[in-house]
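We did not get these values from a lab; they are worked out from the coordinates using the rules stated. Values in this document were obtained by computation on a predicted structure and should not be read as measured data. Neighbour counts run over all protein chains shown; Cβ positions are idealised from the backbone, glycine included.
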Amino acid sequence: MAGLYLELVTPEKVLVSQEVEIVVAPGSLGEFGVLPGHIPFLSGIVPGELRFTADGKTEYFAVTTGFAEVSENKVSVLVDAAERATDIDLERARRAMERARQRLSKERGEPDIDFERAQAALQRAIARIRVAEKVK
Ligand code: ATP
């Protein structure tokens, strides 16, 4: 069977562009895995862990928000931001989590855009911390 190709892209750069054996990604409806021969498929991506295995080795990334398209044995993942696990600045992520928590602990007005932003920032920070701690 033909191999599977993964592209992980942000507006800033291409983080991954290579053949892989399997991809597991954080979809908006839950984690999903893609093997060669997968049916065409579209999904939102939410902050979490994306991993792939190539040559028997698994690599881990933190991703934020975006979408994924699976077609013709190619997985394209486009997200606002992504980092290889080993490139994550854990202290920075912890600071971002603390800031977000502080904002969320304040009284909530209606409508409150800052509250939504803080929630999204918290999700990004948690995803980064989980992924970074996994490879520590
Ligand atoms: P912060 O408040 O720390 O900037 P953020 O969630 O607002 O966090 P993003 O807007 O998601 O950050 O990302 C902005 C850029 O910074 C992206 O290029 C992203 O890859 C990078 N980045 C964010 N947090 C980290 C981190 N903890 N370690 C490494 N790179 C990071």
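Can you give the % of DSSP beta bridges in segment 4-84 that are antiparallel, to the nearest 5?
Antiparallel bridges: around 90 percent, rounded to the nearest 5.
Toward the positive end of the charge dipole of the chain, about the Cα centre and with charges on Cβ (Lys, Arg +1; Asp, Glu -1), which of Tyr60, Leu42, Val14 goes farthest?
Tyr60
Measure nothing but the geometry: give the 0 to 90° angle between the long axis through the Cα atoms of 90-105 and the longest principal axis through the Cα atoms of the chain, rounded to 10°.
50 degrees
Find which of Ala100, Ala120, Ala132 sits farthest along the positive direction of the dipole of segment 88-135, computed with +1 on the beta-carbon of Lys and Arg, -1 on that of Asp and Glu, about the Cα centre.
Farthest towards the positive pole: Ala132.
Using just the helices of the chain, give the 222 nm mean residue ellipticity in deg cm²/dmol: DSSP H runs with n ≥ 4 each add -39,500 (n - 2.57), and the total is spread over all residues, rounded to 500.
Computed mean residue ellipticity for the chain: -9500 deg cm²/dmol.
Remind me, relative contact order of the chain in percent, using alpha carbon pairs under 8 angstrom and six or more residues apart? Provide the component values of the computation, followed by the final result.
Details: 283 pairs, mean separation 30.2, N = 136.
Over the chain, the number comes to 22 percent.
How much space per residue, in cubic angstrom, does the convex hull of the C-alpha atoms of the chain take up?
Considering the Cα atoms of the chain, their hull volume per residue is 109 Å³.
Rounded to the nearest 20 debye, what is the charge dipole size of the chain about its Cα centre when +1 sits on each Lys and Arg Cβ and -1 on each Asp and Glu Cβ? Please report the intermediate quantities before stating the final value.
Numbers: 19 positive and 22 negative charges, 118 e Å.
The dipole of the chain has a size of about 560 debye.
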